[in-house]
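To start, the structure under review is shown below, and the notes come after it.
The values are calculated or read from the model by the stated rules, or taken from the named source; none is laboratory data. All values derive from a computational prediction rather than experimental measurement. Every residue, glycine among them, receives a Cβ derived from its backbone with ideal geometry; neighbour counts consider all protein chains shown.
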Amino acid sequence: MRIYNTLTERIENFEPINPPVVGIYACGPTVYDYPHIGNLRTFCCVDFLRRTLEYFSYNVKLVINITDIDDKIIKAVNETNTSLREYTSKYEKYFFESIDKLNIKPASFYPRATEHINQMVEIIKLLLEKGIAYKAEDNSIYFSVSKFEEYGKLSKIDRSNLRKGVRVDIDQYDKENPADFALWKAYSKEDGQIFWDLDIGKGRPGWHIECSAMNRHYLGQPFDIHAGGVDLIFPHHENEIAQSEAAYGKKLANYWFHVNHLIVDGQKMSKSLNNILTIKDIPNPMALRLLYLQTHYRNKLNFTFDSLKSAENALNSLDSFVRTLIDIKTYYEFDDNKSDTNEYIRSIGQKYKYSFEEALKDDLNTPRAVSYLFELSNEFFSFLSKNPKEVRYSEAVYLIDIISEFDKVLGLKLLDIPTIPTEVQELLIARKKAKAEKDYIQADNIRNKIREMGYIVEDTPWGTRCRKA
RNA sequence: GGCGACGUAGCCAAGUGGCAAGGCAGGGGCCUGCAAAGCCUUGAUUCCCGGGUUCGAAUCCCGGCGUCGCCUCCA
């Protein structure tokens, strides 16, 4: 498998440190707000990566952290008069609900920042001992960027080229160098009850240290893949590298996987534009997942409700592919006249399975991988319409099996057929009776009635089927 | 000012040196008791524009135009 590495800016062969185990750390949600569909895209793409590696028999250990302490959270907690845990658990819950709706497989661990303060302190102490970090006048502890020569190697930022006059942060004058960043922030009154009173000082952790502490704790150093959104390249990941590598003299991670942004109607999602969308705004989460699959993770995805609708229609056509196979399988279930699986069906199955895998191996090209599923569907239907008798039980089983393999990576729940309510089932029986008596007026009435209940009736050569509209 | 990305049919989107995948939408025909689904058929003589390299470029190089991201809030 080949994958693009932000660190080297090229597509590289993926070689894990301890195969078949692959350690992945993905920067997770800051639980002070609802995750929007841009955040969710990143988690979904990490899910595609993880599922792809598992498809190729790797044993993935995925860590997604929960950032449950930061400036915004502290502010919100103190304003709303709740406890930190009470506040963050509400948003944690929403995060888990969101990823569940998108059928994102659970990570191996979801460590919380507040539960790994000790591991953070260990790194900070080491950096202080080595003289790479210092305690400033304000009692905060900073990382001295000038002490780490490789600073900027991930983001390719040259500190001497900073735009003149931009963002000279007035409240950070205690730093020796404006580029230095906080490892430990000294307590201030605005923090209220949120602080840790430790030997390194009373205060709370800086933004980046949590990830260094948790990825090291769960995956060791170095580990295989570090993932996140492109906006985290600088400063977050750059600073993580600085802390971890300066403290331990070892590389932090071998591969850096960054997912590009999702924009809405060509514009960045922002509160001022009032265009922030969450999973609650998405009527069909699986269609959103397909939409994510249809754009390469390194390209921007322009979300519109029109394209969501397109994805939903596309999903319906895949659904009819699967249903047709299931209908055929059921129809011939007890047919004894089985011969060997049709050669043409086998050949297209093999061809597209091979292409599907090659696309994934090529820097996780999910848009191309998905296109082969559609091509398989097209060639299948084309063959079926010309050779209806050639497609029977074993052909159906053969293709269902391939789709099920594809769906291990795609995660579109292609083989989950929702059950039909009993009221609808009863109407279907009544319609069948009317049809047998050639009472088409009655049959059509029943069909309309079912339609009003939100279901579509379809007559096929293998019987009548019913699906949700 | 520095660094970087992108611009492919009505829309979305692959392809990065050998005559332009796939999805959605649309047109025409077939199948069907009627539908639905499906089949067949139709669509970029061309990949933002202008040069160049090459037997050959959407793909490489140079120059424009346009959109966007990052340069310590951010998935």
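Of A:Leu262, A:Leu273, all but one fail to be touching a Leu at 6+ places or on another chain (Cβ under 6 Å) and at pLDDT below 95; the exception is A:Leu262. When the range A:296-312 is filtered for residues that are under 10 Å from A:Asn260 (Cα atoms), surrounded by 15 or more Cβ atoms within 10 Å (Cβ to Cβ) and within 6 Å of RNA strand B (Cβ to nearest atom), the ones remaining, listed by number, are A:His296, A:Leu301. Every condition in (1) in contact (Cβ under 8 Å) with a residue 40 or more places away in the chain; (2) in a loop (DSSP other than H, G, I, E, B) is met by A:Ser270 except one, and the failing one is (1). Check whether at least one residue in the range A:287-297 is over 18 Å from the mean Cα position of the chain (by Cα) and either aliphatic (A, V, I, L, M) or outside the structural domain of A:Glu379 (by TED's automatic domain parsing) (or both), and report yes or no. Looking for residues that are over 18 Å from the mean Cα position of the chain (by Cα) and either aliphatic (A, V, I, L, M) or outside the structural domain of A:Glu379 (by TED's automatic domain parsing) (or both), one finds none in the range A:287-297, hence no. Is it the case that some residue within the range A:90-102 is more than 20 Å from A:Cys211 (Cβ to Cβ), assigned to a loop (DSSP other than H, G, I, E, B) and not aliphatic (A, V, I, L, M)? No, that holds for no residue.
To keep it simple, each residue is scored yes or no on (1) without any contact (Cβ under 8 Å) to a residue 24 or more places away in the chain; (2) assigned by TED's automatic domain parsing to the domain that holds A:Tyr255; (3) farther than 21 Å from A:Arg465 by Cα.
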{"site": "A:Lys353", "(1), (2), (3)": "no, no, yes"}
{"site": "A:Lys361", "(1), (2), (3)": "no, no, yes"}
{"site": "A:Asn378", "(1), (2), (3)": "yes, no, no"}
{"site": "A:Ser385", "(1), (2), (3)": "yes, no, no"}
{"site": "A:Ile400", "(1), (2), (3)": "no, no, no"}
{"site": "A:Leu415", "(1), (2), (3)": "no, no, no"}
{"site": "A:Lys432", "(1), (2), (3)": "no, no, no"}
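The set of residues in the range A:336-358 being closer than 21 Å to A:Phe48 by Cα and either surrounded by 19 or more Cβ atoms within 10 Å (Cβ to Cβ) or more than 12 Å from RNA strand B (Cβ to nearest atom) (or both) consists of A:Tyr352, A:Lys353, A:Tyr354, A:Phe356, A:Glu357. Restricting attention to the range A:58-80, the residues being in contact (Cβ under 8 Å) with a residue 60 or more places away in the chain and not polar (S, T, N, Q) number 7. Taking the listed residues A:Thr330, A:Thr295, A:Thr304, A:Thr278, the one that is touching a residue at least 40 places away in the same chain (Cβ under 8 Å) and over 22 Å from A:Lys101 (Cβ atoms) is A:Thr330, with no other qualifying. Just one of the listed residues (A:Tyr440, A:Tyr455) is closer than 29 Å to A:Leu399 by Cα and not assigned by TED's automatic domain parsing to the domain that holds A:Ala396, and it is A:Tyr455. Residues being within 21 Å of A:Cys211 (Cα to Cα) and buried (at least 19 other Cβ atoms within 10 Å of the Cβ) are entirely absent from the range A:75-86. Screening A:Phe95 with (1) away from RNA strand B (no atom under 14 Å from the Cβ); (2) farther than 30 Å from A:Glu358 by Cβ; (3) aromatic (Phe, Trp, Tyr) gives one miss only, at (1). Out of A:Ile450, A:Ile402, A:Ile446, one residue alone is away from RNA strand B (no atom under 15 Å from the Cβ), surrounded by 13 or more Cβ atoms within 10 Å (Cβ to Cβ) and either at pLDDT below 95 or part of a helix (DSSP H, G or I) (or both). It is A:Ile402. Just one of the listed residues (A:Arg50, A:Arg41, A:Arg112) is crowded, with 16+ Cβ neighbours inside 10 Å, within 14 Å of RNA strand B (Cβ to nearest atom) and in contact (Cβ under 8 Å) with a residue 12 or more places away in the chain, and it is A:Arg41.
A:Glu12 fulfils the conditions (1) at pLDDT below 95; (2) touching a strand residue (DSSP E or B) at 6+ places or on another chain (Cβ under 7 Å); (3) within 15 Å of RNA strand B (Cβ to nearest atom) except for a single criterion, (3). If you filter the range A:266-287 down to residues that are loosely packed, with under 15 Cβ neighbours inside 10 Å and farther than 27 Å from A:Asp407 by Cα, you find that the one that is farthest from RNA strand B (Cβ to nearest atom) is A:Asn274. Pairing each residue of the range A:434-463 that is on the phi < 0 side of the Ramachandran plot and of a type outside the set (A, V, I, L, M, F, W, C) with any residue that is away from RNA strand B (no atom under 11 Å from the Cβ) and assigned to a helix (DSSP H, G or I), provided the two are 6+ apart or on different chains, yields C-beta distances under 6 Å for A:Tyr455/A:Val424.
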